[in-house]
Structures are given as structure tokens and as C-alpha cells.
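The values are calculated or read from the model by the stated rules, or taken from the named source; none is laboratory data. Remember, predicted model here, so these are calculated numbers, not experimental data. FYI the Cβ positions are ideal-geometry reconstructions off the backbone, even for glycines, and counts take in every protein chain you see. Note: accessible area is taken over every heavy atom of the protein model, side chains too, but ligands, DNA and RNA are not part of it. Shrake-Rupley method; radii C 1.70, N 1.55, O 1.52, S 1.80 Å.
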Amino acid sequence: VQLQAYGGGLVQAGGSLRLSCAASERTFSRYGMGWFRQALGKEREFVAAINFSGSNTYYADSVKGRFTISRDNAKSTLYLQMNSLKPEDTAVYYCAAARSSYYHTAQADFGSWGQGTQVTVSS
């Protein structure tokens, strides 16, 4: 499945952004999905994941309570609502499709990746 992430930008600390990830296939609803991020000079890390139906979600401790992952299978679109943003959230954010319908947190469990969208949080 081909993925395209968008919605990034520059925001002040404490602000909000919503990222979207459009999938090219109607089979989108079969896959667990996830968001990852990579800050400059750091390794890519897990942010959030959701199963095929949206009934189960999982978050990294660093974003729990501030970020919400969701999906609209009718639109083949994944979302990441980011609230109370902090400068340390600055990174390129990637969406990814898992190899199964469950949610996953390990990068090796994801077979398709979007191109990334930059999020910059100023202090």
C-alpha cells in the first residue's frame, strides 16, 4: 500500500497539529497502522499504533495523553492529533502500514512507509 503523510508545519509550544496519512488502496482497512518520528541526529522511534478497525490503540509513553491516533477506513486515511506540543516533539513524522491487522510497535512489523512530514515546535 502506498502512503502519503501530510499536515506537518511550524507551531508554538502548547499548540496543536493534526497529521493525516492517505492510503492508495481500499485494502487499507485490513492493516494495522502506525506513526513513527525521527528527530535530527536521532533514530526513528515509535509514536502510536492502531489496529485495523480502530478499536485498539497504543502509544509511546512520551506522547500518551497528548496524542491521539485514529483512522477513517471509509476514506482510507490515518490521523494523528497532536495536542500540547513540546519542542522535543520536533521531528519528521512517518506513517506506516503493518504486515497484519493488529497494532504493532516494532518497525520491522511495518511493510509500507510514507514519505514523512516535518513537524517543528518552537519554544
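If you project the alpha carbons of segment 43-91 onto the principal axes, what extent comes out on each, in Å, largest first?
Here the spans come out as 34, 22, 16 Å, largest first.
Rolling a 1.4 Å sphere over the protein heavy atoms, what is the accessible area per residue of the chain, to the nearest Å²?
Working: 6310 Å² over 123 residues.
Value for the chain: 51 Å² per residue.
With all protein chains present, how much of the accessible area of segment 74-113 (probe radius 1.4 Å) comes from carbon and sulfur, to the nearest whole percent? Could the numbers behind the result be given before it?
On the way: 880 of 1840 Å².
Answer for segment 74-113: carbon and sulfur cover 48 percent of the accessible area.
For segment 33-123, what is the largest minus smallest coordinate of the Cα atoms on each principal axis, given in angstrom and ordered from greatest to least?
Sorted largest first, the three principal extents are 37, 24, 23 Å.
Place a +1 charge on the Cβ of each Lys and Arg in segment 5-123 and a -1 charge on the Cβ of each Asp and Glu, then give the dipole magnitude about the Cα centre in debye, rounded to the nearest 20.
Details: 12 positive and 8 negative charges, 43 e Å.
Magnitude of the dipole: close to 200 debye.
Just order 70-77, 109-116, 33-40, 11-18 by mean Cβ neighbour count inside 10 Å, highest at the front, would you? All intermediate terms of the calculation are to be shown ahead of the outcome.
Numbers: 70-77: 15.4, 109-116: 17.2, 33-40: 20.8, 11-18: 13.8.
With the highest mean Cβ count within 10 Å placed first, the list reads 33-40, 109-116, 70-77, 11-18.
Note down the relative contact order for segment 1-50 as a percent, whole number, built from C-alpha pairs under 8 angstrom at least six residues apart. Present the calculation step by step, with values, prior to reporting the outcome.
Working: 55 pairs, mean separation 14.5, N = 50.
Reported relative contact order: 29 percent.
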